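The values are calculated or read from the model by the stated rules, or taken from the named source; none is laboratory data. Values in this document were obtained by computation on a predicted structure and should not be read as measured data. In this analysis, Cβ positions are derived from the backbone assuming ideal geometry, glycine residues included, and neighbour counts consider all displayed protein chains.
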Amino acid sequence: MAISMPSVRLPELPSWLFESQTAKNQVTFDRGFIVIALAMYLIGLIMVASSSMPIGEKLFNNPFHFVIRHAIYIVMSLFIAAIALRVEMHHWQKSSWVLLLLAMFLLVAVLIIGRTVNGSTRWIMVGPINIQAAEPAKLFFFCYLSAYLVRRRDEVMDNFKGFFKPLLVLFLLAVLLLLEPDLGTVIVMGATALGLLFLAGAKLWQFIAIVVVVLSAFVMLVIFEPYRLRRVTSFLDPWQDEFGSGYQLTQSLMAYSRGEFFGQGLGNSVQKLDYLPEAHTDFVMAVVGEEFGFIGIVFLLGLCLTLVIKALLLGKRALEKEKYFEGFFAYAIGIWMSFQAAVNVGASAGIFPTKGLTMPLISYGGSSMIVMTLAIVVLIRIDHELRLQSIQATATGGRK
């Protein structure tokens, strides 16, 4: 007797994704986003494989432990992307407040049932998967902020009340994040929010007032928590305590110095051999520098910069076509990606204090990978809808 197995139906990709051009030779979406994302997926998989094998062998007696999981995360990201590509942007705008509530729920839940690693409670265990609540919180907050700026743009530009309201929401999220604690995510969200408010037309004096308050709060946070003070000051002279608070940075700097211009070659990093902690996550760029040198770092930063510029130009184009939510959302994603990449590389190179932020689409981490993929999907969808609007306007004009 034959037993029928239940079949799993994969999500269907939207048809416009396979249409190279319309009848009038008008491209339906920007393939550059997909090319850049796939290139970063591949580079990230290679570098996670190279940097994680020693720690995988040590912890799990399997050098491919993290490589396999990273590959699964990429497949999951593509699966979710196939679904998200079908979601029109007006659904994102309409559901922005629901997404904000979901972000708050996750941040509260992680404090109650979260898993603690190295003194930080940032992960919710769902079977074999760890969900880092801070990652979706970033995307969902930027979605909410973009929708808020559409509704209250005049209020933001005319008085301090409209400028201050979204910062109250950010403050609430920041409190929940600091309880984990996760200061790095707070800084990224704050910098992106201020950048987006500035682009929306807020007055300069409002920024000066907020920056003074934020810097004062940051100084107080650092002073009242000794570990934060050590983390902030150790990057200024890591060699002063090279086996203590400056250990990670000194090992990272040695990795960069060994790489020189062309690097030691793929797989030839010495620092990843149980010297450099978190070599496959926060400090993966140090391994890239050691194995591929200055050339490898410039190439990766070039890919990231291209993605950021395309996002910012897309935001500008959306605003010009009076698609304000789409424009602000694209701007937010561009600012977010650029700032997070800058902090990740800067921390590993001793320019900024270590903040525990991943390199977008490169570092190991399922939550970061999925959320960054969703951000790129949003950019592709915005670009498609703008092109579709132009195609429809051209067709209507032609019929007239």
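To keep it simple, each residue is scored yes or no on (1) basic (Lys, Arg); (2) at pLDDT 95 or above.
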{"site": "GLY263", "(1), (2)": "no, no"}
{"site": "GLY267", "(1), (2)": "no, no"}
{"site": "GLU278", "(1), (2)": "no, no"}
{"site": "PHE283", "(1), (2)": "no, no"}
{"site": "VAL298", "(1), (2)": "no, yes"}
{"site": "LYS310", "(1), (2)": "yes, yes"}
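From the residues in region 368-400 that are hydroxyl-bearing (Ser, Thr, Tyr) and at pLDDT below 80, which one is farthest from TRP336 (Cα to Cα)? It would help to see each step written out before you state the result.
Looking only at region 368-400, we keep the residues that are hydroxyl-bearing (Ser, Thr, Tyr), and these are 368, 373, 390, 394, 396.
If we keep only those that are at pLDDT below 80 as well, we get 394, 396.
Working: THR394: 34, THR396: 37 Å.
Ranking the candidates gives THR396 first.
Taking only pairs six or more apart or across chains, which ones have beta-carbon atoms under 9 Å, a first residue in region 289-313 that is among the hydroxyl-bearing types (Ser, Thr, Tyr), and a second residue that is at pLDDT below 95 and in a helix (DSSP H, G or I)?
THR306/GLY32
In region 83-110, what residues are touching a residue at least 24 places away in the same chain (Cβ under 8 Å) and under 15 Å from GLU135 (Cα atoms)?
LEU99, LEU100, LEU102, ALA103, MET104, LEU106, LEU107, VAL108, ALA109, VAL110
I need the full set of residues from region 54-74 which are buried (at least 16 other Cβ atoms within 10 Å of the Cβ) and either in contact with a strand residue (DSSP E or B) (Cβ under 9 Å, 6 or more places away or on another chain) or within 21 Å of SER367 (Cα to Cα) (or both), in order please.
Passing the criteria: ILE55, GLY56, HIS65, PHE66, VAL67, ARG69, HIS70, TYR73, ILE74.
Only one of these conditions is not met by GLU322: (1) surrounded by fewer than 20 Cβ atoms within 10 Å (Cβ to Cβ); (2) in contact (Cβ under 8 Å) with a residue 12 or more places away in the chain. Which number is it?
Result: GLU322 passes all but (2).
So ALA103 clears everything in (1) modelled with pLDDT of 90 or more; (2) of a type in the set (A, V, I, L, M); (3) over 18 Å from the mean Cα position of the chain (by Cα); (4) closer than 18 Å to THR185 by Cα except one condition, right? Which one?
Of the numbered conditions (1) modelled with pLDDT of 90 or more; (2) of a type in the set (A, V, I, L, M); (3) over 18 Å from the mean Cα position of the chain (by Cα); (4) closer than 18 Å to THR185 by Cα, the odd one out for ALA103 is (3).
Which residue is modelled with the highest pLDDT, if the candidates are limited to region 20-34 and must be surrounded by 15 or more Cβ atoms within 10 Å (Cβ to Cβ) and over 11 Å from LEU379 (Cα atoms)?
Looking at the filtered set, the residue picked out is THR28.
If you go through region 326-350 one residue at a time, how many are in contact (Cβ under 8 Å) with a residue 12 or more places away in the chain and farther than 29 Å from HIS91 by Cα? Show your work before the answer.
If we filter region 326-350 for residues that are in contact (Cβ under 8 Å) with a residue 12 or more places away in the chain, which is where we start, we get 326-341, 343-345, 347-350.
Among the residues that remain, those that are also farther than 29 Å from HIS91 by Cα are: 343-345, 347-350.
Summing the residues that are in contact (Cβ under 8 Å) with a residue 12 or more places away in the chain and farther than 29 Å from HIS91 by Cα in region 326-350 gives 7.
Return only the number of the condition from (1) in contact (Cβ under 8 Å) with a residue 40 or more places away in the chain; (2) buried (at least 16 other Cβ atoms within 10 Å of the Cβ) that LEU179 does not satisfy.
(2)
Within region 364-379, identify whether any single residue is polar (S, T, N, Q) and surrounded by 22 or more Cβ atoms within 10 Å (Cβ to Cβ), and answer yes or no. Let's see the steps before the verdict.
Filtering region 364-379 down to residues polar (S, T, N, Q) leaves 367-368, 373.
If we keep only those that are surrounded by 22 or more Cβ atoms within 10 Å (Cβ to Cβ) too, we end up with 368, 373.
So far as region 364-379 goes, yes, one or more of its residues are polar (S, T, N, Q) and surrounded by 22 or more Cβ atoms within 10 Å (Cβ to Cβ).
Only residues in region 195-224 that are on the phi > 0 side of the Ramachandran plot count as the first member; pair them with residues that are in a helix (DSSP H, G or I), Cβ under 8 angstrom, at least 6 apart or cross-chain, and list the lot.
Partner pairs satisfying both residue conditions: GLY201/ARG153; GLY201/VAL156; GLY201/MET157.
Taking the conditions exactly as written (in contact with a Gly (Cβ under 6 Å, 6 or more places away or on another chain) and either surrounded by 24 or more Cβ atoms within 10 Å (Cβ to Cβ) or assigned to a loop (DSSP other than H, G, I, E, B) (or both)), does ALA311 satisfy them or not?
yes
How many residues, within region 236-284, are touching a residue at least 12 places away in the same chain (Cβ under 8 Å) and assigned to a loop (DSSP other than H, G, I, E, B)?
Residues flagged as touching a residue at least 12 places away in the same chain (Cβ under 8 Å) and assigned to a loop (DSSP other than H, G, I, E, B) within region 236-284 amount to 26.
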